[in-house]
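A short worksheet on the structure shown next.
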Amino acid sequence: MCSSEGLCLIFASLASTSRLMCYYNSKAEDRPNVGKFRVSNIDPDKCTHLIFAFSDISENELVPTTVNDVQQYIEFNALKQRNPLLKTLLAVGGQKFGTEKFRTMAGSKENREVFIKSVIKLLRALNFDGLNLDWRYPAEKDKQRFTELCKELKTAFVDEGTSSNQERLILAASVSAEKSTIDASYEVEHIAKHLDFINVLTFDFHGPWESVTAHHSPLFQGSQDTGDAVYSNTAFALEYWRDQGAPEEKLNMGFGAFGRAFYLSSSSSAVGAPASGPGDDGCFTGEDGFWAYYEICLYLDGVQTHFIPDQKVPYATTYSQWVGFDNTTSISTKINYLKANKFGGAFVWSLDLDDFTGQFCNQGKCPFVSQLHNELVPGFPESTTTAAPTTTTAPPTTTTAPPTTTTAAPTTTTAPPTTTTAATTTTTASGSGVCSGPGLVPDPTNPNCYYNCDNFGNAFHTCCGATLVFRGQGCAFP
């Protein structure tokens, strides 16, 4: 028996063999039909950490990308009611965010102080457990600024946690896997002292922006790799970060639940075959040459999969297109490598790219993330909740090439919420007549609160905070 709830959570966390951090792409709720993915589609038992992507920077302060994101934050963090061991982080930046806002913010101690205060204020107000820095990528002149930002964030998190008698906020960063960028952008040993987790972006080493086919996330160097390409693989990236001074237990291997597709420009379809640009866009994700895991399942129906022996990853060709991706075999091989080298865990981009409805791949719901969970953290959690609801709309019958979601972060800015009152939540065991279907239902006894109903009739009681009221489909100022 544990003497306190806190000790029970600590022991349960230590019992986990590893960690699995999962990105939630908030823009996936705008996709059509069965591609639409909302917070309500997240199974909170699959991952040890959830990362909300993405937030913004405005006038050196951390802010939501849109006003509507505040409501998503509340629902996102309410998932911890269903899995008390779950930790949530808010990511800032992203692939298309650019570097100017980061550079300006990190450019002086005064600007960094403004940012750090706003980070603590927003994270505590909305019940996040930490921050994930997605600065992609600091230029060489930003190298020391990034180190100072990490150092000052960690110091502030420690001080705030001590003074408020709360568990310290987590600090993580998603960083490049390319050797040239690592050398130019990071003081590895120094930032590693201040970061709790380091998510190495071990995908998109190659893609249809290149003139020949190549797998975007190989485990090892390929026999055809020459020059700097010998560094463009998962094993080299993780070992290089380790050898430069990052403790292996802090390093997370990146898994992309997507494939990169090329159009072939000759009769050759081997690795290194001439290519003329990106393949088709997917039915739901809508980016040329970027196909979600479930879209690849549509594309591969009846198609032979090939394996790249030295790189330990698969690809397939048809309709003059070539796509590299991960499957159950390559995922297992990567996890075995991860464990053998005692790296800390893995992260995945992103939950919406998995077959979350279970309608496309004939592997059950969320097969990509489920395999990662089962092989990395099989004891996390033991049993805390019912599986997350998913949409049941019938899939399309087309077998054209799949679309793709990107890690693109929006660049529009919105003023941050002024409230600093934490949202509070309690769970009711069932809908008790409150829920007639999934959605948000006002609490008739309290204008600050509402019920978040899932597809199973469970009602999760959530309050906006003392300075906000529930209105329509979200929290708003009176």
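The values are calculated or read from the model by the stated rules, or taken from the named source; none is laboratory data. Computed from a predicted model, the values in this text were never measured in an experiment. Cβ placement follows ideal geometry from the backbone for every residue including glycine, while neighbour counts extend to all protein chains displayed. Each accessible area value is taken on the protein alone, full model and side chains, heavy atoms only, with ligands, DNA and RNA left out. Shrake-Rupley method; radii C 1.70, N 1.55, O 1.52, S 1.80 Å.
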Checklist line | residue 326 being assigned to a loop (DSSP other than H, G, I, E, B) and open to solvent by less than 30 Å² (accessible area, probe 1.4 Å) | finding: yes
Next item on the list: Write out, first by first residue and then by second, each pair whose Cβ atoms fall under 9 Å of each other, whose residues are 6+ apart or on separate chains, and whose first residue, in the range 48-76, is touching a residue at least 24 places away in the same chain (Cβ under 8 Å) while the second is assigned to a loop (DSSP other than H, G, I, E, B) and among the acidic types (Asp, Glu).
Entry: 49/129
Check: Can you name the strands (runs of 3 or more DSSP E) wholly within the range 158-277 that have at least 2 residues being within 20 Å of residue 339 (Cα to Cα) and either in contact with a helix residue (DSSP H, G or I) (Cβ under 6 Å, 6 or more places away or on another chain) or in contact (Cβ under 8 Å) with a residue 24 or more places away in the chain (or both)?
Finding: 197-200, 251-256
Checklist line | Tabulated pairs, the range 78-90, first in contact (Cβ under 8 Å) with a residue 12 or more places away in the chain, second surrounded by fewer than 24 Cβ atoms within 10 Å (Cβ to Cβ) and among the charged types (D, E, K, R), C-beta under 6 angstrom, 6+ apart or interchain | finding: 83/45; 86/80; 87/129; 88/129
Check: Residues of the range 278-323 being surrounded by fewer than 24 Cβ atoms within 10 Å (Cβ to Cβ), part of a loop (DSSP other than H, G, I, E, B) and either on the phi > 0 side of the Ramachandran plot or among the charged types (D, E, K, R) (or both), which ones?
Finding: 280, 281, 286, 288, 301, 302, 310, 312, 319, 320
Note to self: Kindly evaluate residue 322 against the criterion of being modelled with pLDDT of 95 or more, closer than 27 Å to residue 344 by Cβ and among the aromatic types (Phe, Trp, Tyr).
What the structure shows: no
Checklist line | Residues being farther than 26 Å from residue 372 by Cβ and part of a strand (DSSP E or B) - total across the range 31-71 | finding: 6
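For every residue, the table says whether it meets (1) within 18 Å of residue 238 (Cβ to Cβ); (2) open to solvent by 30 Å² or more (accessible area, probe 1.4 Å).
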{"position": "140", "(1), (2)": "no, yes"}
{"position": "144", "(1), (2)": "no, yes"}
{"position": "155", "(1), (2)": "no, yes"}
{"position": "159", "(1), (2)": "no, yes"}
{"position": "171", "(1), (2)": "no, no"}
{"position": "175", "(1), (2)": "yes, no"}
{"position": "178", "(1), (2)": "yes, yes"}
{"position": "182", "(1), (2)": "yes, no"}
{"position": "186", "(1), (2)": "yes, no"}
